[in-house]
Amino acid sequence: MGQASSTHGYSPGGSNRYHDPGLDLHHHHVCPTFTNPAVVRQQQLDYTAEIPDECLGLIFQSLSSGDRKLCSLVCRRWFAVEGQSRHRLALNASADVAPHLPSIFTRFDSVTKLALRCDRKSVSVNDDALTLISLRCHNLTRLKLRGCREISDIGMLALATNCKSLRKFSCGSCMFGAKGMNALLDNCSSLEELSVKRLRGISDGFAAEPIGPGVAAAALKSITLKELYNGQCFGPLIVGSKNLKMLKILRCLGDWDRLLESITCRKNCLTEIHLERLQVSDFGLMAISKCPDLEIFHLVKAPDCSNDGILAIAENCKVLRKLHIDGWRTNRIGDEGLIGIAKNSVNLVELVLIGVNLSSVSLMAMALNCQKLERLALCGSETIGDPEITCIAAKCVALKKLCIKGCRVTDSGIEAFAFGCPNLVKIKVKKCRGVTSEVADWLRARRVSLSVSLDADEMENEALDASTSDGGGVLEFPPIVSGGNAVAADADAPSTSNGSRVPNKSRFSLFAGRTLVACAFRRLSNGNGSSNDSS
């Protein structure tokens, strides 16, 4: 409306790299415009052309994945540099992607960290695809396979032959067997971390081929075995790994006492051991006590373990820093074992006790001797009440983080932290019916710098919202969901002992003793074939 067409010159404060006068919003009239040619050349100048490809690649590496994709669409050069500078790649490993693999790895020719994932409803890539990937990615250092059920020992042999620089390998829900795993261990001399989960190809009972040690044993520092029917076949690898520092054996069937004895009968470098839902007894714990450098120990739901095994570890593993015990409410681990820990583990900084019934006697010993204790969690204990919590508040001076879950604690116990534990920065109280939101508000007002987390606040808010929206009637509160999985949240939540709701899994664990677990192991061992098909 009366607006004259204007010439567009270079402005020092503006960006003219992608400026197109034909797209300018001010061009409402088709009028001849006389522009200085020097100005046009300056407008079309790409200032990033002077940045070397290496520097441009470093810039791309500092961006998020979404921003990198957008940058690759700017121009052909950015498209090429973005592909050449990408070192980490995750692909949907369904069979449909196989025809596109040559073009994918032509563009991304510098990948060193690769993840291939396929869901249960799809057919995964096969040996030919894995062989192609191994030929294109000679510098691969990390590989993760998830649900790649069409990959066999042949594909693993090709991978091991072509990618000898692998340092980290992880597989889950795959179907290759001991031959494929041995091929990897015999060729990858730089392998430092190995994680195997639900490897169905080695579920042949006692006839399974031994795995390891191979040339990788000299470099291996971390081994994780999870949900294996016959994980004992990895025994030669574990025993032969002289520099092994971390060992995790989680939910694997079979008796592990003998293997643990063979691992620790020689000089070892183990500093971290995790045992979860295993058929292991005090003999296995006594074998672990022969690890003088052990710093981190997790024992989760091993009903055959008792105070004797914990005492052996306490007396021999003097540098223990982190201890997690889930006693599964079997009452086999209690004050006696914890007093032993308190007397010998003066470097302890983290203690997590789940389903362990202890008293103020062991807590007093822990507070007096473990002066460096900074993180403490007490969950699902029937003997933890206000006196025990008051003891912690009065004696644990170095404590910084405290978690209380499913214990018989009331407001009076929480009030003790208004003056105790001067270094406390965070306290979390969950599923303790005797603790109200009033004491949480009172504690926040007393100690402004203290972070107080209480699920009573959330429950009251939910109840208020439900009452106002439903207009009375029966209220059904939704479960507290973690990661979108209500079942997982319920399974991990210990029940309280003072009348709160008990989840199904926790209710089952009350009756889980030595006989029941032994029967479960025996039943699962006999049903390998059917379990394999169903899963």
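The values are calculated or read from the model by the stated rules, or taken from the named source; none is laboratory data. A quick note: this is a predicted structure, and the numbers were derived from the prediction, not measured. Glycine gets a Cβ as well: all are built from the backbone with ideal geometry, and neighbour counts include every protein chain shown. Please note that ligands, DNA and RNA were not included when accessible areas were found on the heavy atoms of the full protein model with its side chains. Shrake-Rupley method; radii C 1.70, N 1.55, O 1.52, S 1.80 Å.
Data overview
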quantity	calculated
Any hit, the stretch 137-153, residues being over 23 Å from F60 (Cα atoms) and part of a helix (DSSP H, G or I)	yes
Residues (under 17 Å from F105 (Cβ atoms), open to solvent by 10 Å² or more (accessible area, probe 1.4 Å) and not hydroxyl-bearing (S, T, Y)) located in the stretch 130-168	L132, L135, R136, H138, N139, R142, K144, A158, N162
Contacts under 7 angstrom Cβ, first residue in the stretch 164-188 being within 18 Å of L116 (Cα to Cα) and in contact (Cβ under 8 Å) with a residue 12 or more places away in the chain, partner in a strand (DSSP E or B) and among the polar types (S, T, N, Q), 6 or more apart	S170/S195
Residues of the stretch 98-121 satisfying the condition of being touching a strand residue (DSSP E or B) at 6+ places or on another chain (Cβ under 8 Å), more than 28 Å from L56 (Cβ to Cβ) and open to solvent by less than 40 Å² (accessible area, probe 1.4 Å)	L116, C118
Pair list, Cβ < 8 Å and 6+ apart or interchain, from the stretch 356-382 residues that are in a loop (DSSP other than H, G, I, E, B) and buried (at least 21 other Cβ atoms within 10 Å of the Cβ) to residues that are at pLDDT below 90 and of a type in the set (V, I, T)	G380/T496
Within the stretch 256-279, considering residues that are surrounded by fewer than 16 Cβ atoms within 10 Å (Cβ to Cβ) and among the charged types (D, E, K, R), the one nearest to R198 (Cα to Cα)	R258
Single unsatisfied condition, A394 versus (1) open to solvent by less than 50 Å² (accessible area, probe 1.4 Å); (2) touching a helix residue (DSSP H, G or I) at 6+ places or on another chain (Cβ under 8 Å); (3) of a type in the set (G, A, S); (4) within 25 Å of A314 (Cβ to Cβ)	(1)
Any hit, the stretch 308-324, residues being more than 18 Å from G406 (Cα to Cα), assigned to a strand (DSSP E or B) and open to solvent by 30 Å² or more (accessible area, probe 1.4 Å)	yes
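Residues are listed down the side, and each one gets a yes or a no for (1) under 18 Å from A219 (Cα atoms); (2) within 24 Å of the chain's Cα centre (by Cα):
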site: V123; (1), (2): no, no
site: D128; (1), (2): no, no
site: I133; (1), (2): no, no
site: I151; (1), (2): no, no
site: L166; (1), (2): yes, yes
site: F169; (1), (2): yes, yes
site: S173; (1), (2): no, yes
site: A178; (1), (2): no, no
site: A183; (1), (2): yes, no
